[in-house]
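A short worksheet on the structure shown next.
The values are calculated or read from the model by the stated rules, or taken from the named source; none is laboratory data. Because the structure is predicted, anything quoted here is derived from the model rather than measured. A quick note on method: Cβ atoms are made from the backbone with ideal geometry, for glycine too, and the neighbour counts reach across all protein chains shown.
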């Protein structure tokens, strides 16, 4: 195995673990192992498609990864009487696959940057979202019928 491929696989595990640890800490269904495996799988499929040597294989396998991960994400979405749950988990699954594909394509700086952005969005935006929800509850003049 070439060193670049080994580095791609190791970085996919690391980046998937970083995002997965955040999800695990928050008690989400798709936690550490799930995110690592999705990131690793996407990286391996990307490496395999690059080794096939033609542009058609690259795009076809990339499209297959995106579609397959979309099905995984759809399975994480639950609709019940109280609303829809799991949308952030589904989006995280989709994003982690893109990080894995970036690792497999040896776009390491992109993978690092996206991982950092994901942590900012998952951690920091959660607080912002709760603040907005609290403000909406405390402002009864703004409800869904005003739209």
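Of all residues in region 48-64, those that are assigned to a helix (DSSP H, G or I) and more than 19 Å from the chain's Cα centre (by Cα) total 10. Of all positions in region 80-91, at least one carries a residue that is within 14 Å of the chain's Cα centre (by Cα) and exposed (fewer than 15 other Cβ atoms within 10 Å of the Cβ). Look at region 54-81: where a residue is free of Cβ contacts under 8 Å to residues at least 40 places away in the same chain and a partner is part of a loop (DSSP other than H, G, I, E, B) and surrounded by 11 or more Cβ atoms within 10 Å (Cβ to Cβ), sitting 6+ places away or on another chain with Cβ atoms under 6 Å, you get 77/86; 78/86. Annotation: of all residues in region 50-65 being modelled with pLDDT of 80 or more and surrounded by 14 or more Cβ atoms within 10 Å (Cβ to Cβ), the one that is farthest from residue 34 (Cα to Cα) is 50. Of all residues in region 1-17, those that are surrounded by fewer than 13 Cβ atoms within 10 Å (Cβ to Cβ) have Cβ atoms under 9 Å from Cβ atoms of residues that are part of a helix (DSSP H, G or I) and at pLDDT 95 or above, 6 or more apart or on another chain, in 1/9. Does region 33-49 hold any residues that are surrounded by fewer than 17 Cβ atoms within 10 Å (Cβ to Cβ) and more than 21 Å from residue 112 (Cα to Cα), and which are they? Within region 33-49, just 48 meets the criteria. For region 86-97, give me each residue that is touching a helix residue (DSSP H, G or I) at 6+ places or on another chain (Cβ under 7 Å), touching a residue at least 24 places away in the same chain (Cβ under 8 Å) and in a helix (DSSP H, G or I). If the condition is that a residue be touching a helix residue (DSSP H, G or I) at 6+ places or on another chain (Cβ under 7 Å), touching a residue at least 24 places away in the same chain (Cβ under 8 Å) and in a helix (DSSP H, G or I), then 89, 92, 93, 94, 95, 96, 97 are the ones that fit.
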